[in-house]
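The values are calculated or read from the model by the stated rules, or taken from the named source; none is laboratory data. None of these values were measured; they are calculated from a predicted model. Cβ coordinates were reconstructed from backbone atoms using ideal geometry, including for glycine residues, and neighbour counts include every protein chain displayed.
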Amino acid sequence: MGLYGLIWYKSLPVYAKWCSDHSWLFHVCQFNNDHEIAIKIEHAALKPKRLHDRAIMDVVQEIFDSKAELRAINRVRMLHGVVPDNVFLSRAQFGGSRNDFLWPAKHHVSSSDYTTWSKAVEFVFAGTNQTLTTPLGSWLVDCDRQWIGEWDWFVTFDRESFYFRSFDTEWYQY
Amino acid sequence: MNEPQGVLQGNAAGPTIWSTISSFIFKILQGKGFSDRFCSAKGFSDRFCSAISNVFLLVGFAFVDDCDLIQSGQDPHEVAASMQTVIREWIDLMEVSGGALETKKSYWYLMDYEWVHGKWKAVNADTGDFEIIVRSVDNEDVVLTRLDRDEELEMLDIWIVPSGENKGMIAEMRDKALNWGARVRLGKASASDSLAALYTTISMKLKYPPLAALTLTAKECTYIMAPAIKAALPRAGFSGSVSCVFRHAPNQGFSLNVMDLYSTMGTTRTALLVHHC
């Protein structure tokens, strides 16, 4: 999806412009959207790491309206595992890392996708010398393990047992 | 002469016994490295590691005598060769446990993915003259039939096709509804029995595939359910073309409470999602 926060609170018509629609999850969200069903599930979510950080798809969807362009940008974004808007991808591949996520999905990206991406970058880094118009502020450092308090499924290191945390004090073993 | 083997046909403990045996077979195959790794974005190294990272190792899936084995990789030749090895191992392990592979009912697919404008499309992978050869019950080498990406195969009452087409499954579900409807029309069930049968037999049967394996549109759901509804409602004293509001609304609203396949699919999946997140 490429946005910060939980998918349940996002507007489907917005992210449907660039997300693939073949997944089970997408169809559930579509069904809920069509029937005005709201679900509230609290769990770990991607968050901004610095003040004024914005998700790249959040920024580009304000600039681009075409589904084809948004999808092209999203493909490049997914290939490189980029979420925030302050990572500049040009001819040299970005080698840095802003988080420790290991994105498993790779996507096929064509040269025209990179052309669209370059165009998006021109808009996103609209300041002097391709800088952000609103510079990033201080780091909003989370504890690296904060997400674990919101996660319910765990497996032991030897992979012999699977655990589900129903409540803070109630666990199920499988 | 061969000694009698197995747990006898119709043994109620059969599925459980096979589940235990097949679990060991899968574990052995996994131990030999024949598994596909499913991973996700977030990992954590401590006494527990997160269930979402590198936790899911899948060799295949099986129920009773139905079994699917999976291999994946970057090169079609390597994948095909790997599958050949897995099947040999599988047959060896089956023999040890008193089973055998039914070669006439076994097939294989080899899929590759082509990207067109950023979207993948399943295509048949090219491996030249490669064939998967297995040992039959009669100890002869048999070439397994390779299926095309559009050819559907039934597993656990669900028609699966690598290209992702639902047409076969929809036709199958519609046939079930048609046959059921014909039996209701010809039978002598009372009004209440025909409604009860609609709730408890065909509706239950038709709601299983969408929950398990495929996603249907509202139009497809209506198309599938129509023959059953049109047969059962007149038998129960209602018009077959009664308003869908009256038909699907719950009993508390003095309505018929007939299952709406599309709503059931959506609400059940939502409940599953809420439970698992």
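Some observations on this one:
- For B:Asp92, the conditions (1) modelled with pLDDT of 85 or more; (2) farther than 21 Å from B:Asp141 by Cβ all hold with the exception of (2).
- Remark: B:Tyr208 falls outside the filter, which requires a residue to be part of a helix (DSSP H, G or I) and buried (at least 16 other Cβ atoms within 10 Å of the Cβ).
This table checks each residue for (1) touching a Cys at 6+ places or on another chain (Cβ under 9 Å); (2) in contact (Cβ under 8 Å) with a residue 60 or more places away in the chain; (3) surrounded by fewer than 14 Cβ atoms within 10 Å (Cβ to Cβ).
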site: A:Ala16; (1), (2), (3): yes, no, no
site: A:Ser20; (1), (2), (3): no, no, no
site: A:Phe26; (1), (2), (3): yes, no, no
site: A:Asn32; (1), (2), (3): no, no, no
site: A:Ile56; (1), (2), (3): no, yes, no
site: A:Val59; (1), (2), (3): no, yes, no
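- Look at (1) more than 30 Å from B:Met94 (Cα to Cα); (2) part of a loop (DSSP other than H, G, I, E, B); (3) in contact (Cβ under 8 Å) with a residue 40 or more places away in the chain; (4) under 23 Å from the mean Cα position of the chain (by Cα) and you find that B:Arg149 fails only one, number (1).
- Test for A:Val87: is it more than 13 Å from chain B (Cβ to nearest Cβ), closer than 24 Å to A:Ala45 by Cβ, modelled with pLDDT under 70 and loosely packed, with under 12 Cβ neighbours inside 10 Å: no
- Subset of segment B:247-277 [in a loop (DSSP other than H, G, I, E, B), out of contact with any Asp or Glu (no Cβ under 9 Å at 6 or more places or on another chain) and within 25 Å of A:Ala38 (Cα to Cα)]: B:Ala249, B:Pro250, B:Asn257, B:Val258, B:Met259, B:Asp260
- Tallying residues that are without any contact (Cβ under 8 Å) to a residue 40 or more places away in the chain, hydrophobic (A, V, I, L, M, F, W, C) and in a helix (DSSP H, G or I) within segment B:230-246 yields 4.
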